[in-house]
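Below you'll find the structure, written out as structure tokens, and then a few comments.
The values are calculated or read from the model by the stated rules, or taken from the named source; none is laboratory data. These numbers come from a predicted model, not from an experiment. A quick note on method: Cβ atoms are made from the backbone with ideal geometry, for glycine too, and the neighbour counts reach across all protein chains shown.
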Amino acid sequence: MSSAQGLQAANDRQSPNDLESWWLPFTANRSFKQRPRMITRAKGMYYYTPEGRAVLDGSAGLWCCNAGHNRDEIVSAIQTAAAELDFAPAFQYGHPKPFALASRLASLAPGDLDHVFFCNSGSEAADTALKIAIAYWNVSGQGQRQRLIGRERGYHGVGFGGISVGGIVNNRKFFGSLLAGVDHLPHTYNRAEQAFSRGEPEWGAHLADDLERIVTLHDASTIAAVVVEPMAGSTGVLPPPKGYLQRLRQICDRHGILLIFDEVITGFGRLGFAFAAERYGVIPDMITFAKGVNSGTVPMGGVIVRKGIHDAFMKGPDHVIELFHGYTYSAHPLACAAALATQDIYREEKLFERARDLEETWADAMFSLKSLPNVVDIRTLGLVGAIDLASKPDAFGARAYEAMERGFHDIGIMMRVTGDTIALSPPLVISHDEIGELVDKMTRVIKAVA
Ligand SMILES: Cc1ncc(COP(=O)(O)O)c(C=O)c1O
């Protein structure tokens with residue numbers, strides 16, 4: 001190839017016009033490519049299309065941009081970090097930022113959750129936590145504790161560990177036999193008992209007792225850990241029934257089973273606290289996080305572990321690696337810089353408290369949609385809302401999909417849909433006026449798909 005041809009090829013590669021090559025994740029690709037929902041810019045509460053049309057961000061991107069978009073402080077922290085230290089290996093070497101960040105996150109986490117393992121996504125965080133759980137029992141002389149317990153409708157990302165303990169059928173059924181030795185608790189949703197409950201539903205704490213059944217079946221001595229999302233997010237927003245998480249903790253304690261909270265969505269203010277663990281007064285043995293840690297700006301995830309778990313590994317000869325696990329990009333300098341700047345914003349602007357203060361206003365706003373056509377349930381918790389729409393006959397998911405399309409193209413709002421549920425989780429900086437705008441736009445969307 002001549003250099004002129006090479007340049008042409010390079011230019012072609014940069015051309016935004018060819019939509020064919022990118023296979024989009026978790027996307028109806030053929031439908032998307034017929035009418036792309038394209039975004040080129042973001043600021044504050046809004047995304048902007050290539051034509052400059054503003055789209056209100058009703059979903060904090062993908063539940064991540066809690067501080068609002070393109071915050072100057074975060075942008076400049078990333079720019080400075082990139083110019084200073086592009087990459088640093090985290091295997092056998094260190095750089096200052098992850099130490100500072102880990103201390104910061106440990107101080108946000110409750111109890112003795114005080115050591116942080118970094119990775120690059122929520123999926124990696126889930127798999128890391130499961131591996132630490134099994135390895136912990138190995139190094140503690142109880143290597144027979146290998147079973148993992150997840151929950152129906154749970155979402156823990158897309159790694160083999162995460163889909164094995166997860167309970168969303170389409171994320172599992174195409175991918176073979178998954179991990180062995182996994183059981184699932186029942187999910188906590190029952191429309192007949194819970195429809196239109198604000199916050200934590202009254203009904204359902206007893207569903208945690210199913211863990212006793214699983215213990216009876218396998219014996220506690222074979223069970224390593226239970227993993228749940230404090231509020232199931234991706235399946236369509238299922239707030240925990242009152243008392244459920246506390247009951248799960250009690251049963252785990254009774255049988256010496258580790259409890260992992262997957263806080264990839266609930267972490268960093270979404271429920272009005274640094275972590276849902278704090279909201280519910282329940283201290284899990286590990287907390288996974290990602291997304292909000294740096295407001296979605298650079299891929300990052302991690303696991304916060306209790307002191308006893310970390311310390312169990314810290315033995316043997318000094319020169320020997322204690323945990324054979326990690327990722328090339330663990331604690332990447334750009335991700336850490338972004339996270340430190342984000343955590344500053346959360347603290348200075350008191351965004352977690354802000355979400356807590358807005359919770360009732362937000363719930364009122366969501367419940368004002370109750371009488372619109374096809375609305376069969378609404379659930380709210382913290383700054384999260386879900387609206388279930390009646391499915392079209394023989395076309396499960398079609399109504400909410402159309403809502404997403406109409407919302408983006410015609411009405412100017414971004415939302416997240418799963419099945420016929422619309423999930424809303426705006427950046428925590430949303431103003432009262434913007435909540436009004438969101439409700440107004442959602443009203444138009446729901447009417448448009450009636
Ligand atoms: C609870 C939970 N865990 C894990 C994940 C996976 O995160 P990621 O997509 O960053 O791998 C998600 C993503 O939505 C999540 O909600």
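Among the residues examined, residue 246 does not qualify as away from the ligand (no atom under 16 Å from the Cβ) and in a loop (DSSP other than H, G, I, E, B). The number of residues in segment 287-303 being assigned to a loop (DSSP other than H, G, I, E, B) and more than 10 Å from the ligand (Cβ to nearest atom) comes to 3.
Condition (residue is assigned to a helix (DSSP H, G or I), at pLDDT 95 or above, more than 16 Å from the ligand (Cβ to nearest atom) and more than 24 Å from the chain's Cα centre (by Cα)) applied to segment 127-135: is it met by at least one residue?
Checking segment 127-135: at least one residue is assigned to a helix (DSSP H, G or I), at pLDDT 95 or above, more than 16 Å from the ligand (Cβ to nearest atom) and more than 24 Å from the chain's Cα centre (by Cα).
The single condition from (1) touching a residue at least 60 places away in the same chain (Cβ under 8 Å); (2) out of contact with any strand residue (DSSP E or B) (no Cβ under 8 Å at 6 or more places or on another chain); (3) hydroxyl-bearing (Ser, Thr, Tyr); (4) within 16 Å of the ligand (Cβ to nearest atom) that residue 221 fails is (4). Under the condition of being assigned to a helix (DSSP H, G or I), within 16 Å of the ligand (Cβ to nearest atom) and over 17 Å from residue 70 (Cα atoms), the residues counted in segment 304-345 number 0. Scanning for something more than 25 Å from the chain's Cα centre (by Cα), touching a residue at least 60 places away in the same chain (Cβ under 8 Å), surrounded by fewer than 17 Cβ atoms within 10 Å (Cβ to Cβ) and within 22 Å of residue 397 (Cβ to Cβ), does segment 60-80 turn up at least one residue? Among the residues of segment 60-80, not one is more than 25 Å from the chain's Cα centre (by Cα), touching a residue at least 60 places away in the same chain (Cβ under 8 Å), surrounded by fewer than 17 Cβ atoms within 10 Å (Cβ to Cβ) and within 22 Å of residue 397 (Cβ to Cβ), which makes the answer no. When residue 146 is tested against (1) within 14 Å of the ligand (Cβ to nearest atom); (2) more than 16 Å from residue 229 (Cα to Cα); (3) touching a residue at least 24 places away in the same chain (Cβ under 8 Å), exactly one condition is not met: (1).
Go through segment 279-321 and give me each residue that's among the acidic types (Asp, Glu) and farther than 16 Å from residue 106 by Cβ. Result: 318, single match.
For the residues 120, 171, the requirement of being within 15 Å of the ligand (Cβ to nearest atom) and touching a strand residue (DSSP E or B) at 6+ places or on another chain (Cβ under 7 Å) singles out 120.
When segment 389-400 is examined, which residues are found to be touching a helix residue (DSSP H, G or I) at 6+ places or on another chain (Cβ under 8 Å) and not hydrophobic (A, V, I, L, M, F, W, C)?
391, 392
For segment 228-242, filtered to residues that are crowded, with 24+ Cβ neighbours inside 10 Å and β-branched (Val, Ile, Thr), the residue that is nearest to residue 186 (Cα to Cα) is 228.
Against the definition (away from the ligand (no atom under 16 Å from the Cβ), surrounded by fewer than 24 Cβ atoms within 10 Å (Cβ to Cβ) and within 19 Å of residue 276 (Cα to Cα)), how does residue 106 come out, yes or no? Against the criterion (away from the ligand (no atom under 16 Å from the Cβ), surrounded by fewer than 24 Cβ atoms within 10 Å (Cβ to Cβ) and within 19 Å of residue 276 (Cα to Cα)), residue 106 qualifies.
To keep it simple, each residue is scored yes or no on (1) part of a strand (DSSP E or B); (2) modelled with pLDDT of 95 or more; (3) of a type in the set (A, V, I, L, M, F, W, C).
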position: 355; (1), (2), (3): no, yes, yes
position: 358; (1), (2), (3): no, yes, yes
position: 362; (1), (2), (3): no, yes, yes
position: 365; (1), (2), (3): no, yes, yes
position: 371; (1), (2), (3): no, yes, no
position: 376; (1), (2), (3): yes, yes, yes
position: 386; (1), (2), (3): yes, yes, yes
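Residues of segment 270-283 that are touching a residue at least 60 places away in the same chain (Cβ under 8 Å) and within 15 Å of the ligand (Cβ to nearest atom): 270, 271, 275, 277. Residues in segment 140-167 that are within 15 Å of the chain's Cα centre (by Cα) and hydrophobic (A, V, I, L, M, F, W, C) were compared, and the one that is surrounded by the fewest Cβ atoms within 10 Å (Cβ to Cβ) is 158. Scan segment 91-103 and give yes if some residue there is within 23 Å of the chain's Cα centre (by Cα), in a strand (DSSP E or B) and either small (Gly, Ala, Ser) or within 30 Å of residue 415 (Cβ to Cβ) (or both), otherwise no. No, segment 91-103 contains no residue that is within 23 Å of the chain's Cα centre (by Cα), in a strand (DSSP E or B) and either small (Gly, Ala, Ser) or within 30 Å of residue 415 (Cβ to Cβ) (or both). Within the bounds of segment 179-196, is there any residue that is closer than 21 Å to residue 128 by Cα, away from the ligand (no atom under 15 Å from the Cβ) and without any contact (Cβ under 8 Å) to a residue 12 or more places away in the chain? Yes, segment 179-196 has at least one match.
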